[in-house]
1. Just the number, please: buried accessible area between A and B, total of both chains, 1.4 angstrom probe, nearest 100 square angstrom.
2. What net charge do the residues around B:S270 carry, taking every other residue with its C-beta under 13 Å from that of B:S270, with Lys and Arg at +1 and Asp and Glu at -1?
3. In what sequence, highest mean first, do B:196-203, B:80-87 appear when ranked by Cβ atoms within 10 angstrom?
4. Work out which residues of region B:63-109 lose at minimum 40 square angstrom of accessible surface when the other protein chains are put back, relative to the chain isolated, with a 1.4 angstrom probe, and list them by number.
5. List, in order, the whole-Hz ³J(HN,Hα) value for each residue of region B:321-328 obtained from phi through the Karplus relation with A = 6.51, B = -1.76, C = 1.60 and θ = phi - 60°; use x for Gly and Pro.
6. Net charge near A:T136: determine it from the other residues with C-beta under 11 Å of the C-beta of A:T136, scoring Lys and Arg +1 and Asp and Glu -1.
7. In whole percent, how big is the carbon plus sulfur part of the accessible area of region A:142-289, probe 1.4 Å, protein atoms only?
8. Counting only heavy atoms of the protein chains, get the accessible area per residue of region B:180-342 (1.4 Å probe) and round it to a whole Å² value.
Amino acid sequence: MVILNFTLTPVAASKVHDLLVCLGKFSDTVAIEARREKFTFTALNSSKSAYAAITLDGNQFFTHYECVPSHGGPDGRFTCSMYTKALLSVFKGRLYDPLGRDGAIDRCDVSVQERENETQCRFIVKMVCNQGVIKTYKLTYEAVDVMHALFDRSVAKNRWSMHSGAIREYIEYFGTKTEMLDIFAGEDGRCVFKSYTEKISNGKEILKHPLVTAVAVNTSDFEEFVVQTGMHIIINVKDFKAIVVHADTLKTSLKAFHSQPTRPLQFSYGSEGLICEFTLMTAGDYSAAPPTPAPQAMNSRQASRTPSTTTADRKDSRSFRPNMPPPVQPASRRDGSGRLRNPGSRQASSAGQAQPSRKESDSLFVPEDEDEDDAWAPVDHDREETLGWDASASHDAAAFPTFTDSGSGSRTNTADSNEVFEPTQRVSQIKGLW
Amino acid sequence: MRFKASIQNISTFTKLTASLNSLGPLAWVKLSEEQVCFTIIPEQGTQVWAVLSIDAIFATISVQSAANNVINLEVPLTSLNRALKSALNATSAHIRLTKNDKLPILALTIVTTTASNTYSAFPAAHTGPASHEDGFDASFDNDIGGGNRETIVTHEIPVRVLAPDTVAHLHEPACREPDVHILLPPLMQLKSISDRFTKLALADTKSSTAATATTSRTRLEVAANMHGCLKISIRSDAMSISSIWTDLNNPELDPGHVAGGEHGIAEHPSTRMKQLGTADGRSDQGWAVVSIDGRDWGKVMSVGRLGGRVIACFCHEHALILYVYLPNDNGDDESVLTYFISSYSA
C-alpha cells in the first residue's frame with residue numbers, strides 16, 4: 001500500500017499543466033515515478049528517439065509532499081502511467097489566475113488510492129476552487145515499470161546554454177513543415193540552427209519542398225558555448241520546439257550537453273524545484289568533424305569517451321557497461337564489438353600489443369571479415385545503435401561455448417594493456433565452419 | 001544567371017505575396033532591372049498579372065542573364081510569403097538566386113537585431129542552481145557593452161528557372177473595351193459584404209442535396225453603372241439579397257490611352273452607358289453585369305491588404321477586370337496588379 005499525497009499551489013498546478021503540454025508532444029502516455037523526496041514525470045516517444053524526464057522536488061515544488069512507497073525502503077518508488085490527455089483535462093490551462101476568473105483554483109490536492117482491500121485504484125485530484133467549490137477527479141492508471149534513459153554528462157564535452165527567450169525567437173523562424181534541425185558550430189564565431197527536411201523528390205515536386213531556414217547566432221550571444229568547431233548535431237525540430245517553448249514558460253536558460261553526433265544529446269533546464277531533462281537521439285555528419293587521432297574511433301562506445309584511448313578510459317567504459325541493454329556480455333565479446341567498430345585505427349595504434357591475442361584467439365574469432373565490410377560500409381550509424389546486440393558477436397558465443405573461458409583472460413588483458421583483438425581470419429578461411 | 005536585390009519594402013512584398021497566394025500556390029516571376037512581374041495563372045479562377053516598379057519593393061537590384069538580362073522563375077508563394085513574414089522586423093533583407101545541391105533556390109537573408117536584455121528584463125527569473133549566476137553575468141556584461149544580439153536568418157526557397165521559350169506563349173488576356181469603369185469602395189467593406197452573401201448562399205445549399213448546385217448558388221452578381229453605382233447581389237430559391245453603393249467615382253478616360261483619342265472616347269462603350277441609368281441606382285437600365293463565383297471573389301478581395309486604389313472595369317456579361325494601383329510616394333501609378341475575372345455565362 002502506497003501513501004502518496006501532495007498539494008500544489010495554483011502556480012505550481014499551472015506549471016504541471018505546462019509540463020504536461022510539453023510531454024504530450026512526445027508521447028500519448030506519461031509515466032509517473034514518485035519517490036520519497038521527488039516526483040518525476042517521464043515520457044518516451046514511440047520511436048524511442050526522445051526521452052523526457054521532468055522532476056519535481058518534494059520540498060521545493062510542493063506546499064506539502066508525502067510519499068511512502070509500499071516497498072523498497074528509502075529507495076522505493078511508486079510508478080504508474082496515465083494518458084497525458086486525461087491528466088491535461090484535469091490540469092487545465094489557467095489554473096493560476098490572479099484575477100480569480102473562471103478556472104482559477106485556490107489549491108490542488110492529489111492523492112493516490114491503492115489499497116489491496118479496495119477494488120478501485122485511482123489517482124485522485126481535488127481542485128479546490130474559489131467560493132468553496134471542490135472538483136474531484138478520479139483517474140485510472142496503469143502500473144508500469146518506469147525506465148530512465150541514462151546520460152553521462154562527464155562524457156558530453158560539448159555544451160552550450162542560452163536563455164530560452166532568445167531561442168524562442170529563433171525557433172519562430174523555422175518553417176512549419178520541417179522535420180530536422182542541424183545545430184552547427186561554425187568557424188566564424190557563429191552557431192547555426194538550420195531547420196530542413198530530407199529531400200523527398202525532384203522535378204515539379206521541388207517547389208513543394210518546405211522552406212530551409214538557417215538562423216545564425218553569434219556564439220557570444222550564448223551564456224556558454226563550448227562546442228567543437230565544425231560539428232553538426234542533428235535532432236528532430238519538433239522535439240526542439242516543444243522543449244524551447246516549455247523552457248520559455250519558465251523563463252530560464254536552456255542548457256545542452258552532447259558528445260558526438262549519433263550519441264545522445266541532453267537538454268536541461270529548470271527553476272524553483274522543477275528540473276527538466278530531455279535526452280534525444282542525434283544524427284550528424286561526424287565525418288565533417290575535424291580529424292582526431294583516431295577518427296574512426298568516434299563510433300566506438302569505448303573510444304567515444306575521448307579520442308585517445310587510455311587505460312583509465314577503458315575502466316570507465318567498463319563501469320558504463322551494466323547500463324547496456326542486453327544480458328551480461330562476456331568482456332571478450334564486448335572487445336570484439338569494440339574492434340568491429342574500429343579495426344583499422346586500432347590496428348595501427350596497437351599493432352604490437354595485438355599480436356599475441358591474435359595468435360591466442362586465432363581459431364575463436366569467426367567473423368573477421370570486418371575489414372572489408374568497413375571499407376564498403378558508407379556510414380556506421382546502425383552498428384552504433386545495435387552495440388552489444390551484434391549478431392556476429394552472439395554467433396560467436398553460441399557457436400563456441402568455450403570462448404567465455406578464454407574471455408576472462410582477454411578481459412584483464414585488454415584492461416591492462418589497452419589493446420583490442422585484431423582481425424584474425426578472412427571469410428575465405430572460415431567458410432568450412434558453417 | 002545572377003539575381004541579387006535588397007528589399008526595401010518588406011511589408012508591401014509580404015502583403016503582395018500573401019494576396020497572390022490566395023489565388024494560387026505558384027507564381028511566375030519575371031525579373032529584370034526595370035520591373036518585376038508576378039503572374040498567377042490558376043487552373044481555374046482569376047488570373048493576376050502584376051507589374052511592379054523596382055522601387056515598390058526593392059532598394060537595389062541586379063539581374064543578369066543570357067536572355068536579355070531577364071530571369072523567369074516559378075516560385076512557391078507560400079514559402080516566399082512565410083520567409084518574408086519573418087523579415088518584417090528585420091534591420092535588412094536581401095534576396096538572391098543561388099544553388100543548393102544543384103537545385104536553384106532563392107535565398108532570403110535577413111538580419112535582425114534584438115537588444116540583448118529584452119528577455120532578461122526580469123532578472124528575478126534567474127533563480128535556481130548556482131550555475132545560473134554565470135549566465136546572468138554574461139548577459140550583464142553584454143548590457144554594459146551595449147551589445148545587441150545580431151541574428152542572421154537565411155531562408156532557402158526552392159524555385160524553378162523557366163526558359164524563355166516556356167513563358168513565350170503566356171500572354172495577358174485580351175479583352176474588349178469595358179462598358180463601365182468605376183472606382184471600388186474600400187475593399188474591406190466590399191469583402192465583408194460579399195463574404196456574407198457567399199456564406200448565406202452556402203448555408204442555403206447545405207439543406208439541398210445537389211452538390212452540383214454549389215457553384216451556381218455561390219454565384220455573385222456584380223454590376224455597376226456609369227453614374228457611380230455598384231451593386232452586389234445573390235439570388236437563390238429562398239432569397240434574393242443585394243447591396244448598392246452610390247456616389248462612387250467613374251474616372252474620366254484619358255484620351256491618350258484610348259485608341260482613336262477624342263473620337264475613340266466618343267465611340268467608347270462607356271460613353272454610351274452614360275446615357276443610361278441613374279445615380280440613385282434604382283433604374284434597371286445602364287448596368288453592366290457580370291456573374292462570378294463568390295468564393296473566388298473572396299480570394300480576389302484579399303488584395304485589399306495592399307491598400308491601393310482599385311478600378312473595376314465591367315465588360316457586360318463577359319468579364320470583370322480589376323486594376324489595383326499600389327500606393328507610392330511619388331504619385332505615379334507605376335505598380336499595378338491586374339485581375340482578370342471572367343463572368344459565368346448567364
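The values are calculated or read from the model by the stated rules, or taken from the named source; none is laboratory data. Bear in mind that the values here come from a model prediction, so they are computed numbers and not experimental data. Cβ coordinates were reconstructed from backbone atoms using ideal geometry, including for glycine residues, and neighbour counts include every protein chain displayed. Side chains are part of the model used for accessible areas, which takes the heavy atoms of the whole protein and leaves out ligands, DNA and RNA. Shrake-Rupley method; radii C 1.70, N 1.55, O 1.52, S 1.80 Å.
1. Interface area, both chains combined: 2900 Å², rounded to the nearest 100.
2. It works out to a net charge of -2.
3. Ranking, from highest mean packing down: B:80-87, B:196-203.
4. In region B:63-109, residues shielded by partner chains: B:R82, B:L103.
5. 10, 9, 10, 9, 9, 6, x, 9
6. Cβ neighbours under 11 Å give a net charge of +3.
7. C and S atoms contribute 52 percent here.
8. Each residue of region B:180-342 exposes 50 Å² on average to a 1.4 Å probe.
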